[in-house]
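Nothing in this text is a laboratory measurement; each read-out follows from the coordinates by a stated rule. Since the model is a prediction, treat every value here as computed from it, not as a measurement. For neighbour counting, all protein chains shown are included, and Cβ atoms are generated from backbone atoms with ideal geometry for every residue, glycine included.
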Amino acid sequence: MTTIRYHLFIVDDEPTIRDGIALALGEDYRITGFATAEDALADLEKAAPDLVLLDIGLPGMNGIEALANIKRCDPHILVIMITAYEDLDGVIKSMKLGAHDYVVKPLQMDQLELTIANALETIRLRKEVQTLQAQYLHENMPLFIGESNAIQGVMDLIQRVSRSADTPILIEGETGTGKELMASAIHYHSPLFKGPFVAVNCAAIPKELVESELFGYRGGAFSGARESGKTGLVETAHNGTLFLDEIGDLSPESQAKLLRFLESGTFYRVGETKATRVAVRIVSATNRDLARMMADGLFRQDLYFRLGVIKIQAPSLKDRPDDILPLAKHYLAHFNTKFGTAFRGFSPEAEQALRQHPWTGNVRELKNMTEKAALTGGHEYLTPQDLGLEHPHDANTCDPATWLQILPSLPPEGMNLPKTLEQIERHFILQALQHSKNNESQAARLLTLNHHTFRYRHKKLVP
């Protein structure tokens, strides 16, 4: 028995046309017929079809009005218009409104089947994209868990910039924020999703090998080169995405070679005089301050502007505190499955410790911490001790005298005391706001400050 994959609406007021089309298409499709646009639109709200065959000359609401309503309801539904031979004006209006194609009465079934087949191939490719994207998101969900404005903004931007197949993108952010996952998300949401995604850690390639690793070489081009030669990573990424991680670690010489490739789209394998052209999308990332490196002469300004046509700032975990617990619970469920454990969650003390932790290692640190706790934890609900977050002194209860016992010694080279005190004050102001859910009066009480003093210090230290 043939598997029914596609659902088709046939909207025509002539029963012979509806029945004739259904008979010609056979049982490979699920077909629903309608004599009026109003009936079809009512049914469309219950279950959207893949394809609609829509007659322009319908009684009541005509086909052009119905097309506009269908596109408002779901712009992804493909619509093939059925029109009289002489109605050229109706065809033009339909195509402007988003009709996929049209056929002319009297219908030629061979031509109609070909038009439908072409439309369904478009649908098949779209579904294939959606399947791959859903698989990617399932496998890489931790990055996208959370409802904070920080991560939602990044997700929205990734969706928008992914539409391009060649615009260079630069992702900036701290170590452990998921920059490579963002790069792969851009790839799998782009028109290049069928092509390769090639990730390169620029910091891991010795300076003298960068050119041969990126662009490849001809056999015997230099001492130690393979006789068969080598295809470079740029060529490997042809018709796909090349992700250059730690781009700030490239030497000035390597930066110049990369810039030449970005400007021309061509490169020379080491030892060859013939240029090779590839189509590749460049996504780069760094945890370094490229603006400062440019000012210090360590990074080329022209390369920076080439790489950063679009810039994405990967948010640190401390900038998305509302996402910490959802991420931790996701990782715990993952490791429960992986290790066959049955931890039920985190104790209230552990949840508080997770919220208060500075997360200098970002999402990667949270994942590693949860993995260790899932392997070594000894409680049904993980505790701060299981997570390695226990502290000998509780900042909420110890008195100033106790604080003096845990402060570090003055370094031999001295320190910037005013700046250090500002950083400490800023830290606890942010902590108080987090505990009080941004209630300034309550936060001020937690720090034994009056409301006006708190607001003044908050505005000064946390712009």
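Which Cα, out of SER223, GLY414, THR341, lies furthest along the positive dipole direction of the chain (beta carbon charges, K/R +1, D/E -1)?
After comparing all options, I get GLY414.
Which is the longest run of the chain containing none of the chymotrypsin sites (Phe, Trp or Tyr not before Pro) found in DSSP loop states (not H, G, I, E, B) with at most 11 other C-beta atoms within 10 Å? Write down the numbers at each step before the final one.
Values: sites that count: TYR85, PHE222.
Here the longest run is 223-463.
Kindly provide the helix-only [θ] at 222 nm of the chain, computed as the sum of -39,500 (n - 2.57) over DSSP H runs of four or more divided by all residues, to the nearest 500 deg cm²/dmol? Please report the intermediate quantities before stating the final value.
Details: 21 runs with 221 residues, N = 463.
After summing the helix terms and dividing by residue count, I get -14000 deg cm²/dmol.
With a point put 7 Å past each Cα toward its Cβ, work out how far THR341 is from THR236 in nm, to one decimal.
Label at THR341, label at THR236, 3.5 nm between them.
How far, in nm, would the chain grow between ASP28 and LYS329 when pulled straight, counting 0.36 nm per residue and subtracting the alpha carbon separation? It would help to have the intermediate numbers written out before the result.
Details: separation 301, 0.36 × 301 = 108.36 nm, distance 4.46 nm.
So the extension gain works out to 103.9 nm.
Extent of the stretch 13-71 along each principal axis, from alpha carbon coordinates, in Å, largest to smallest?
Result, largest extent first: 29, 23, 14 Å.
Restricting to the stretch 183-313, what percent of DSSP beta bridges are antiparallel, rounded to 5?
Values: 4 of 15 bridges.
If I count the DSSP bridges inside the stretch 183-313, around 25 percent turn out antiparallel.
Placing unit charges on C-beta atoms (Lys and Arg positive, Asp and Glu negative, everything else neutral), compute the dipole magnitude of the stretch 184-291 about its Cα centre in debye, rounded to 20.
Details: 12 positive and 12 negative charges, 85 e Å.
With Lys and Arg at +1 and Asp and Glu at -1, about 400 debye.
Put +1 on the Cβ of every Lys and Arg and -1 on every Asp and Glu Cβ in the chain; which of LEU298, LEU78, LEU157 then has its Cα farthest towards the positive end of the dipole?
Result: LEU298.
Among PRO49, ALA373, ALA119, whose Cα lies farthest out toward the positive end of the dipole of the chain, if unit charges sit on the beta carbon of Lys, Arg (+1) and Asp, Glu (-1)?
ALA373
Which value, in debye to the nearest 20, gives the size of the charge dipole of the chain about its Cα centre, when Lys and Arg are +1 and Asp and Glu are -1 at the Cβ?
Details: 48 positive and 59 negative charges, 325 e Å.
For this selection, approximately 1560 debye.
Working from Cα positions, state the angle (0 to 90°, nearest 10) between the long axis of helix 149-161 and the longest principal axis of the chain.
Rounded to the nearest ten degrees, it is 40.
If you take the Cα atoms of the chain, find Rg, then find the Kirkwood Rh from the mean of 1/r over all pairs, what is Rg/Rh?
On the way: Rg = 30.3 Å, Rh = 27.7 Å.
Rg/Rh: 1.09.
Given +1 on the Cβ of Lys and Arg, -1 on the Cβ of Asp and Glu, and no further charges, what dipole in debye does the stretch 6-131 carry about its Cα centre, rounded to the nearest 20? Walk me through the intermediate numbers first.
Details: 11 positive and 22 negative charges, 101 e Å.
Using Cβ point charges on Lys, Arg, Asp and Glu, the stretch 6-131 gives about 480 debye.
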